[in-house]
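I have placed the structure first, in the form of structure tokens, so that the comments after it can refer back to it.
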Amino acid sequence: MAYDRYMAICQPLHYGNLLGSRTCASMAAAAWGSGVLTAVLLTASTFSLALCQGNAVNQFFCEAPQILRLSCSESDYLQEVGLITFSFCLGIGCFVFIVLSYAQIFRAVLRIPSQQGRHKAFSTCFPHWAVVSLTVGTAIFSYLKPSSISCPALDLVVAVLYSVVPPTLNPLIYSMRNQELKDALKKLVQSSSSY
């Protein structure tokens, strides 16, 4: 998404040539492939852990950090930590790519002479940036917070924030740019307020 916005705003004349269906398919395949690879590696590693503290996880989601707390094998623990580190580095690489793309976008947008042009460019980027920030910010907090401030209620809220809220809000955020949907929503609000 960040690369698409970058091409549309910073290289609009080359957009069709550089971002064709083949490029889009390759980028989607790379995103899905890296996600599937990471999930398979973490799942396989997690199933091989020896659990000596039972199998009850104090979490709504069964995630690797919570399962690692139940592990009693040092080698399994180190293997799982290595895979989590690999996943984290992959995620940070994607995040750096997104940040660099948006830095270029914002630099290009700030050079647009008209206020309306700047507003339109920012409005196409803001929803994606908001979802990415919410997802990454809460995931980083969840995985990197000290264990001294860990409490089940906080862990649950943060896990829901980064795994449930962004996918739920995505269709709403991106569709709110559609004028027909905005008009229908206004009508719905006006009709419900008249009752």
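The values are calculated or read from the model by the stated rules, or taken from the named source; none is laboratory data. Bear in mind that the values here come from a model prediction, so they are computed numbers and not experimental data. Cβ coordinates were reconstructed from backbone atoms using ideal geometry, including for glycine residues, and neighbour counts include every protein chain displayed.
Listing for the model above:
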item: Among (1) modelled with pLDDT of 75 or more; (2) surrounded by 10 or more Cβ atoms within 10 Å (Cβ to Cβ); (3) more than 30 Å from R107 (Cα to Cα), the one test that A30 misses; result: (3)
item: Hey, T124 assigned to a helix (DSSP H, G or I), in contact (Cβ under 8 Å) with a residue 12 or more places away in the chain and closer than 30 Å to S34 by Cα or not; result: yes
item: Residue within region 14-25 that is modelled with pLDDT under 75 and among the charged types (D, E, K, R) present; result: no
item: The lone exception for Q116 - which of (1) surrounded by 10 or more Cβ atoms within 10 Å (Cβ to Cβ); (2) modelled with pLDDT of 75 or more it fails; result: (1)
item: Among the residues listed as I112, I84, the single one being assigned to a helix (DSSP H, G or I) and not charged (D, E, K, R); result: I84
item: Top-ranked residue of region 80-95 - restricted to ones that are closer than 14 Å to S45 by Cβ and of a type in the set (A, V, I, L, M), ranked as farthest from the chain's Cα centre (by Cα); result: V81
item: Every residue from region 74-105 that is in contact (Cβ under 8 Å) with a residue 12 or more places away in the chain and farther than 24 Å from L37 by Cβ; result: Y102, Q104, I105
